[in-house]
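The next block holds one structure in the form of structure tokens; read it before the comments.
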Amino acid sequence: MSSRVRVLRKQNRLSLEALAERVGVTKSYLSKVERGLSDPSISTALKLAHALNVDVGRLFSDEVEPELITVVRADERTPMGAGTGPDATRYEGIATGLTEKRMVPFMMHPPTDPADPPFKSHAGEEYLFVHEGTAELEFPERTVALGPGDSVYFNSALPHRCRSTGGRPAAILVVIHDAPAGPADHVPTLP
């Protein structure tokens, strides 16, 4: 439980002192709990869980927290989106099993079709890294040519669209960050 309390405290961006105050214990006692030198009572554990926004069972579980470390092998990516056929953008989800994440990572394979898809925009920020192939990221006022190893970071409220420019669809890692306004809208739309 000790390291789990520390990790959850840091995830919640709480100092040792701030968490101790929320739970109603001393900073030195909480430090002992985090170092495994003291075991909290059930009452204190319930207060800790409440202050850390987790179920009390997570504090006592022997399992590694699946949401703290997630490995997704290349062949385990989740197909996403409704794109079908050679002219559709294909998406592959990464870490789709995680809940309450602040970043949405996925692989994008934009089509080579010369037809221009509509511009899209959404709240937050976006990062693209070209893994294979070549592509163009187009904004209303600027077009950026991208090759393997190139990356772009931008405010995703800017209208944008992407297409592959080589003979086959490029493989692009996309990471979207969106600070949610509420639980109903915390997953941004795909580009």
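Details
- A simple spin-label model places the labels of residue 115 and residue 28 7.3 nm from each other, with each point 7 Å out along Cα-to-Cβ.
- Pairwise label distance in nanometres, residue 158 with residue 53, each label 7 Å out on the Cα-Cβ vector: 3.0 nm
No value in this document is a laboratory result; all are computed from the given coordinates. None of these values were measured; they are calculated from a predicted model. Cβ: placed from backbone, ideal geometry, glycine included. Neighbour counts: every protein chain shown.
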